[in-house]
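To keep things clear, I will list the structure first and then write my remarks on it.
Rule-based calculations on the coordinates, nothing more; no lab input. Keep in mind it's a predicted model, so treat the numbers as computed, not measured.
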């Protein structure tokens with residue numbers, strides 16, 4: 001008696017046989033897919049290690065923390081030239097003025113240039129602490145300001161079409177345009 005073959009059963013499956021030359025060609029083609037051909041190595045770009053920022057204690061920790069928390073809460077607010085409210089948006093100095101006024105009832109100069117020239121000690125980068133103002137510009141002219149929040153980071157309103165954001169002082173643009181810092185809280 002002959003075994004029954006049902007569709008889909010192993011006995012009913014067709015048997016494929018490839019000639020030995022075809023198998024060798026197929027094996028050669030498939031073995032080439034597992035890796036790329038050898039290429040000369042490129043010289044490695046020099047990687048700048050991230051800077052380690054000191055953790056300096058502010059003179060007034062409660063006030064510094066209030067500034068920090070309020071500044072961070074505004075991340076994502078739209079940028080608007082001349083803006084100075086969360087509803088209307090912020091430019092860089094409008095953000096600084098709003099945070100210090102809202103949290104500490106402190107009135108500061110309105111422009112980044114006037115803030116940089118305002119009274120108060122200039123701070124070396126290794127002495128930065130939460131709530132210090134950080135300035136940026138080129139050619140000796142200040143054109144931007146942000147609020148230092150610690151660990152080499154600052155909150156600012158950078159540009160048209162953008163939003164208030166958190167950036168690193170050692171980021172490529174900011175590192176090259178850093179022009180100093182001022183301490184507001186004593």
Quiz item: How high is the relative contact order of region 61-182, in percent, counting Cα pairs under 8 Å that sit 6 or more residues apart?
Solution: 28
Quiz item: What do you get for Rg/Rh of region 113-168 when both radii come from the Cα atoms and Rh is the Kirkwood radius?
Solution: 0.96
Quiz item: How big is Rg to Rh over region 61-182, alpha-carbon atoms, Rh as the Kirkwood inverse-mean-distance radius?
Solution: 0.92
Quiz item: Quick one: what does P(r) look like for region 66-120 with 5 Å bins over all Cα pairs, in whole %?
Solution: 4, 22, 29, 27, 14, 3, 0
